[in-house]
Amino acid sequence: MKQLRMMIGHNDEGQGMIEYALLVALVALLAMAIVAIMGTLMGDALAMIAEVLGSHCQPGLQMVYADQQFAPGDFESGGISLTRPASGRISQRAWACHRAIDVAAPIGGPIYAAAAGEVIRAGFTEYPGYGRLIVIRHANGYQSLYGHLSASYVHAGEYVARGEMIGRMGSTGRSTGPHLHFEIAKDNWLLDPLRALP
């Protein structure tokens, strides 16, 4: 009987140790998740600050096209049929000094033409902040810009189809990490890409 009591007591002690180890592991995982989320938020905030300090609130399409004007624009339905240019996490949305979206994803991921059109710029240009970029002129006065690419598979003068792979995700130019900088404009209006994309 005494031996049985000792065995039961030993089992309770072992069970307590296992529960304690599981609790410690759970707390560690929770702490790691919080640190990862905070790191992402801090990275986004630093990227936003860098954008303001580095670009002086100049949107890329204004720099690339002399006739572009910085103004808040709304997507006009029925203009063109758009598709998302890349898969990944939206790491920065459009705001006053960043009239574009940034899509974060690993280097080398595919970049697609958001709509059919004519490539009017491809590669490194006189605007080094964007690194390797592609600019496409679409129907009805639309244009799109794809920046920080690691590779470009199209050339100026070439026509591309909607959803055609045109390049690869990168971090060229003034970049805080691998992402696609995507801008879209209609005539003289820069649009919020998230309002224009499906």
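In table form, for the structure just shown:
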{"read-out": "Nearest-0.05 FRET efficiency for Leu23 and Ile107, computed from C-beta distance (R0 45 Å)", "value": "0.70"}
{"read-out": "Amide proton proximity set for Ile111, modelled H, under 5 Å, gap of 5+", "value": "Ile166, Gly167, Arg168, Met169"}
{"read-out": "Rg over Rh [alpha-carbon atoms, Kirkwood Rh] for region 87-198", "value": "0.92"}
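Only the coordinates and a few stated rules stand behind these numbers; no lab work does. Owing to the predicted nature of the structure, the values given are computational and were not obtained by experimental measurement. Reconstructed Cβ throughout: ideal geometry from the backbone, glycine too, with neighbour counts over all protein chains shown.
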